[in-house]
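Here is the structure we will look at, set down as structure tokens.
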Amino acid sequence: MSARPLAPAAILRDAGLSALVAFGLFVALIGLRLVPTDNGLALEQRWRALLAIVGAVFVGRLLMLGWRAWRPAGAPTPRVLAESIRRSARWVAPLFLLLALALPLFAGRYVIDVGILVLTYVMLGWGLNIVVGLAGLLDLGYVAFYAVGAYSYALFSTTFHFGFWTTLPVAGLLAGLWGVLLGFPVLRLRGDYLAIVTLAFGEIIRVVLINWTSFTGGPNGVSDIPRPTLFGLKFNGSGDPDTFAAFFGVDYSITQRFVFLYYVILGLALLTNWVSLRLRRLPLGRAWEALREDEIACRALGINVTVTKLTAFAIGATFGGFAGAFFATRQGFVSPESFTFIESALVLAIVVLGGLGSQLGVALAALVMIGGTELFRDFAEYRMLVFGIALVVMMVLRPRGLVSGRVPSVSLGKPKEIAADLVAQGRG
Amino acid sequence: MQTKAGVLVAYALQQLINGVTLGMIYGLIAVGYTMVYGIIGMINFAHGDVFMIGAFLSLIGLTLLAGFGMTSVPLALAISLAAACAIAALYGWTVERIAYRPLRGSFRLAPLISAIGMSIVLQNFVQVSQGARDLNLQPLIPGGMAIFEENGFVVQLSWMQVVISIVTLALLAVFTWLVTKTPLGRAMRACEQDLKMASLLGIDTDRTISLTFVIGAILATVAGMLFLLYYGSINFFIGFSAGVKAFTAAVLGGIGSLPGAVLGGLAIGLIESFWSGYASVPYKNVAAFSVLVIVLIFMPSGLLGRSDVEKV
Amino acid sequence: MTAPLLSVEHLTMRFGGLTAVSALSFAARANQITAVIGPNGAGKTTVFNCITGFYRPTSGTIQLHHPEGSSYALQSLAGHLIARRAKVARTFQNIRLFAGMTVLENLMVAQHNTLMPNVVSGLLAVFGLGGYRHTQKLAIEKATTWLEAVGLIGRADDPAGSLPYGQQRRLEIARAMCTDPALLCLDEPAAGLNPRESDELSELLIRIRGGGCSILLIEHDMGVVMRISDHVVVLDHGKKISDGTPAEVRADPKVIAAYLGEGDEDETPADAEEAA
């Protein structure tokens, strides 16, 4: 990271070596492509593509090192950029809130739809932030609770015809209950053992969802999930008196439903945010942070470590369940495909990228990662590739995330921000 | 009655053979996880994808040699394995160099996320460059022997299974020798004990860590080729489930312990094979993961792991 | 004679084949400072870890009798209950503060059980229910009192990890005191302190004893031990070799032999006497 500037000859040499490595990496996998034919496999040759990528690596490396060597004084480094984000947090957060509230007034259906998606991940990120960011417990299976929430809502609403607003709390509670059930046996495990066991739980739930066909519908999932209603008013174009359009005497447009869904998820996300912020300033949240800092010291102070961890797990799971229920009602259909490990990884990446424990950072990270990959929608094939590269690059540039300082939960005088390098990330 | 018991024994024996074979492949991948974890304490999520890349490189090599008209199967296997290992080693080295080394000594979660990112990159890179379809290879090492037959049930030991066992055991022997007897192995063990101290004592830790990734990638490539030959079908996604299970194996055996990785691999292979044989195929992963959870609850450091006594 | 607050009977702790503490018995009386001394590796910290629940003893009992009558068998009490119910607080040889939290937050975490008697009340507080505001005010007051007592009031809003070493030691003691302990166990509180800081520490401990809290102390700084202890227990190789007032222990030939046999790094009690 803190590479010293190189002389031109050394830069050229380094770029040449990089190109050589790139040639080695890509000669077989890009230069040749396996094509199934009638009698076995054949190889298609693509030397031009290979040449292009090796050349790109050479030029890219040249530019990168050149930039480092002759960077104009005062050009913003990632560190400076992040500093300015941090300092401007005071007005950035309200500004974002205002923008989020006003978005449906000026945006079209597509943007609102992307907004819904981003907000779903903001909410998931804030939920997981309680577990990972505050309590320092590494959960790689958060998607399990998302799935429990989604399927609870799907099954309750299709089997018993419960409405969205009655099923939502039920879905959250069930997810929270699962959090306790799964958490109880595993929370005495530490660090990466906890990580792999939570990952395992995520996979177990997915496998069960796929195979327990009579209950979950198997790989086909559950469809025809009722859409949410506004005090009993439906969003459709049937013209019935109990539809939103007929009741308010406006013309029906599908955008109305999107706007409604948008505000529902915005409300849910803000609820998550409010509860997290509030808990942080209360003994429970402070105990979570203390646990992240030093579990042994917590025990010596008489804090019941298991119960404290369980509450973090359960509350995080509850919010995951809410988000899952929302997901189910938005899609109108759920299937196990939506709940793969990659979802857990995505949410965790948002939390870490945002800066552990930082609410604003998580929101920014969700916007960048989800909104950003949405830009690549037309290049669907490359979308995940770009996403992965972005993940690595952002982590290398900002290992502590976008917004990394910690604001004290209580103070005698004016609270001073605590530098990130003092704050632990937890071993649990 | 006699023959019925005989069939049961034969059936169990067949599951045992299949389980051990599968377990060997998991073990080879698990060694890579456990080595990296032992030295720099991170879960190298991209390791499963290096295994997948190893399998693809092997298939490309074999197809290329077949295209050149090579008819000797052993020679083709040897050449393509060597080439695949060389290129996959470069992948292992590059991944460490660009995604992990800048984060060394950083916070625990940063390398983990970077590793997940790298795993996504490798997976999608292969999907984009080689397509998403399953690619099939007709069996190169066909046949086998019947160990015994009981009332119509034949216990089969295929030559492929023999090859897998021999290759794995030979490789593990070489690897054990490397770790216990060579200067490189000594450097690796020193880095595992205390990275900072090792560096103060003049060990080139960067080089040692790079070599650890290179060795891990080579073992994974061998596993990838064996997987390709055994199942005859690969796609860009095989790295995920094999990787997760190999990592599970490493944790089960006690992460950081090399014999533990092999033992854990065998355990996972056996659980999967017996569960598929006696209970239900779809739930074999659930069985493997459940065993992991249960073992960890009672033995929090895995089967052979050093128990991590909290220093107060 | 005051009644024993803590009585350790036949305490044995084995790790595999190694016996760290063997059939140790001693008592610590209420309103006294009891010091446990001994050469490195004598098993002092192991005894501490048994008392505070971090190790389960192989055999033996550890009884704590509160002056008002309740008593606790510490060897079988769950780790966090030793602090919560039996009111035994401790510090650590290598300081364990919540480095990324402020000094004040450290003291607030110590009052966790007062602030949040159970999870339900903790969750109700989210909605402003359960009279939390008042308890919080009291907790801040108590924290302030202790910050003044240890001279850290000016650093209340600084992260604990940014304090110099001596201040971190004092903060850890203040944090332990915020749990309202009956017995305060200090693991080498004077380690790494300069002479002036050691003197301040001695005064602080005497004040804490004056406030009605008994102290169990592991210490290598014989100056501190001899000056403030009411009672000294000497361990060597996991066994008790002497037990008595500082003067008695200092004169015990077995103690001198143990220290001289150990050699270099530790001051002998006799040296300390001359130095004092």
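Take the residues in region C:67-90 that are part of a strand (DSSP E or B) and of a type outside the set (S, T, N, Q); name whichever of them is most open to solvent (accessible area, probe 1.4 Å).
C:Y72
Looking at region C:125-135, which of its residues are in a helix (DSSP H, G or I) and open to solvent by less than 70 Å² (accessible area, probe 1.4 Å)?
Passing the criteria: C:A125, C:V126, C:Y132, C:T135.
Quick one: count up the residues across region A:182-203 that are small (G, A, S) and at the interface with chain B (Cβ under 9 Å from one of its Cβ atoms).
Residues meeting the conditions: 3.
Looking at region A:210-232 only, could you name the residues that are open to solvent by 20 Å² or more (accessible area, probe 1.4 Å) and not in a loop (DSSP other than H, G, I, E, B)?
A:I210, A:N211, A:T213, A:S214, A:F215, A:P219, A:N220, A:L230 - these are the residues of region A:210-232 that are open to solvent by 20 Å² or more (accessible area, probe 1.4 Å) and not in a loop (DSSP other than H, G, I, E, B).
Using the structure shown, decide if A:G320 is open to solvent by less than 20 Å² (accessible area, probe 1.4 Å) and at pLDDT 90 or above.
Yes: the conditions hold for A:G320.
Go through the residues of region B:16-29 one by one and say whether even a single one is without any contact (Cβ under 8 Å) to a residue 60 or more places away in the chain and over 22 Å from B:E192 (Cα atoms).
For region B:16-29, residues without any contact (Cβ under 8 Å) to a residue 60 or more places away in the chain and over 22 Å from B:E192 (Cα atoms): absent.
Need pairs with beta-carbon distance below 8 Å; first residue basic (K, R) and within region C:184-213, second part of a loop (DSSP other than H, G, I, E, B); sequence gap 6+ or separate chains.
What qualifies is C:R209/C:N31; C:R209/C:Q32.
This table checks each residue for (1) in a helix (DSSP H, G or I); (2) more than 9 Å from every other protein chain (Cβ to nearest Cβ).
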residue: C:F92; (1), (2): no, no
residue: C:R96; (1), (2): no, no
residue: C:A99; (1), (2): no, no
residue: C:N113; (1), (2): yes, no
residue: C:K137; (1), (2): yes, yes
residue: C:E148; (1), (2): yes, yes
residue: C:G154; (1), (2): yes, yes
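For region A:279-305, which positions are within 26 Å of the chain's Cα centre (by Cα), assigned to a helix (DSSP H, G or I) and not aromatic (F, W, Y)?
A:L279, A:R280, A:L284, A:G285, A:R286, A:A287, A:E289, A:A290, A:L291, A:R292, A:E293
Scan region B:36-49 residue by residue and report those that are of a type in the set (A, V, I, L, M), open to solvent by 10 Å² or more (accessible area, probe 1.4 Å) and in a helix (DSSP H, G or I).
B:I39, B:I40
Going through B:L184, B:L171 one at a time, which residue ends up being touching a Leu at 6+ places or on another chain (Cβ under 8 Å) and in contact (Cβ under 8 Å) with a residue 60 or more places away in the chain?
Every option except B:L171 fails the conditions.
Return the total of residues in region A:297-306 being surrounded by fewer than 24 Cβ atoms within 10 Å (Cβ to Cβ) and either farther than 16 Å from C:Q111 by Cα or more than 7 Å from chain C (Cβ to nearest Cβ) (or both).
Counting residues in region A:297-306 that are surrounded by fewer than 24 Cβ atoms within 10 Å (Cβ to Cβ) and either farther than 16 Å from C:Q111 by Cα or more than 7 Å from chain C (Cβ to nearest Cβ) (or both) gives 1.
Evaluate the following for C:V126: is it under 26 Å from A:G405 (Cα atoms), out of contact with any Cys (no Cβ under 8 Å at 6 or more places or on another chain), among the β-branched types (V, I, T) and free of Cβ contacts under 8 Å to residues at least 40 places away in the same chain?
Details: under 26 Å from A:G405 (Cα atoms): yes; out of contact with any Cys (no Cβ under 8 Å at 6 or more places or on another chain): yes; among the β-branched types (V, I, T): yes; free of Cβ contacts under 8 Å to residues at least 40 places away in the same chain: yes.
Against the criterion (under 26 Å from A:G405 (Cα atoms), out of contact with any Cys (no Cβ under 8 Å at 6 or more places or on another chain), among the β-branched types (V, I, T) and free of Cβ contacts under 8 Å to residues at least 40 places away in the same chain), C:V126 qualifies.
Suppose the filter is more than 30 Å from B:A249 (Cα to Cα), in the same structural domain as A:S338 (by TED's automatic domain parsing) and in a helix (DSSP H, G or I); does A:V118 pass it?
Values: more than 30 Å from B:A249 (Cα to Cα): yes; in the same structural domain as A:S338 (by TED's automatic domain parsing): yes; in a helix (DSSP H, G or I): yes.
When the stated conditions are applied, A:V118 passes them.
So which of C:N194, C:N118 ends up being open to solvent by 20 Å² or more (accessible area, probe 1.4 Å) and under 21 Å from A:V307 (Cα atoms)?
Sole residue among the options that is open to solvent by 20 Å² or more (accessible area, probe 1.4 Å) and under 21 Å from A:V307 (Cα atoms): C:N118.
Being open to solvent by 20 Å² or more (accessible area, probe 1.4 Å), under 30 Å from A:A287 (Cβ atoms) and more than 9 Å from every other protein chain (Cβ to nearest Cβ) is the requirement here; does A:V368 meet it?
For A:V368, the condition - open to solvent by 20 Å² or more (accessible area, probe 1.4 Å), under 30 Å from A:A287 (Cβ atoms) and more than 9 Å from every other protein chain (Cβ to nearest Cβ) - is not met.
Write out, first by first residue and then by second, each pair whose Cβ atoms fall under 9 Å of each other, whose residues are 6+ apart or on separate chains, and whose first residue, in region A:270-281, is at negative phi while the second is outside any helix (DSSP H, G or I) and of a type in the set (A, V, I, L, M).
Close Cβ pairs (under 9 Å, with a partner that is outside any helix (DSSP H, G or I) and of a type in the set (A, V, I, L, M)) amount to A:R280/A:V407; A:R281/A:V410.
In the list A:L50, A:L6, which residue meets the criterion of being modelled with pLDDT under 90 and open to solvent by less than 80 Å² (accessible area, probe 1.4 Å)?
It is A:L6.
Tell me which of these A:R281 doesn't satisfy, since it passes every other one: (1) open to solvent by less than 10 Å² (accessible area, probe 1.4 Å); (2) touching a Ser or Thr at 6+ places or on another chain (Cβ under 7 Å); (3) within 14 Å of another protein chain (Cβ to nearest Cβ).
(1)
Select from region A:167-181 the residues that are under 19 Å from B:L296 (Cα atoms) and more than 14 Å from chain B (Cβ to nearest Cβ) and list them in ascending order.
Listed by number, the residues that qualify are A:G179, A:V180.
Which one of B:I60, B:I79, B:I39 is at negative phi and touching an Asp or Glu at 6+ places or on another chain (Cβ under 7 Å)?
It is B:I39.
Among the residues in region A:319-338, are any more than 18 Å from C:M101 (Cβ to Cβ) and within 14 Å of chain C (Cβ to nearest Cβ)?
Yes - at least one qualifying residue is present in region A:319-338.
Mind listing whichever residues of region C:181-233 are part of a loop (DSSP other than H, G, I, E, B) and closer than 25 Å to C:P4 by Cβ?
Selection gives C:P181, C:A182, C:E188, C:P189, C:G211, C:G212, C:C213, C:E219, C:S229, C:D230.
Can you go through A:L174, A:L138, A:L181 and tell me which one is in contact (Cβ under 8 Å) with a residue 12 or more places away in the chain and assigned to a helix (DSSP H, G or I)?
Numbers: A:L138 fails: assigned to a helix (DSSP H, G or I); A:L181 fails: in contact (Cβ under 8 Å) with a residue 12 or more places away in the chain.
Going through A:L174, A:L138, A:L181 in turn, the sole match is A:L174.
From the residues in region B:133-159 that are touching a helix residue (DSSP H, G or I) at 6+ places or on another chain (Cβ under 9 Å) and within 14 Å of chain A (Cβ to nearest Cβ), which one is farthest from B:N18 (Cα to Cα)?
So, considering only residues that are touching a helix residue (DSSP H, G or I) at 6+ places or on another chain (Cβ under 9 Å) and within 14 Å of chain A (Cβ to nearest Cβ), the one farthest from B:N18 (Cα to Cα) is B:L135.
Criterion first (under 25 Å from B:A30 (Cα atoms) and surrounded by 19 or more Cβ atoms within 10 Å (Cβ to Cβ)) does B:G105 satisfy it?
No; evaluated as a whole, the condition is false for this residue.
Output the residues belonging to region B:137-182 that are closer than 22 Å to B:A78 by Cβ and either assigned to a strand (DSSP E or B) or of a type in the set (F, W, Y) (or both).
Listed by number, the residues that qualify are B:G144, B:S158, B:W159, B:F175, B:W177.
Can you spot a residue in region A:227-236 that is closer than 21 Å to A:F145 by Cβ and within 14 Å of chain B (Cβ to nearest Cβ)? Walk me through how you get there before you give the answer.
Kept after step one, since they are closer than 21 Å to A:F145 by Cβ, are these residues of region A:227-236: A:228.
This time we only want the ones that are within 14 Å of chain B (Cβ to nearest Cβ), so: none.
No: region A:227-236 contains no residue that is closer than 21 Å to A:F145 by Cβ and within 14 Å of chain B (Cβ to nearest Cβ).
The values are calculated or read from the model by the stated rules, or taken from the named source; none is laboratory data. Model, not experiment: these values are computed from the prediction. Note that we place each Cβ from the backbone using ideal geometry, even for glycine, and neighbour counts take in every protein chain shown. We work out accessible area using only protein heavy atoms, side chains counted, and drop any ligands, DNA or RNA first. Shrake-Rupley method; radii C 1.70, N 1.55, O 1.52, S 1.80 Å.
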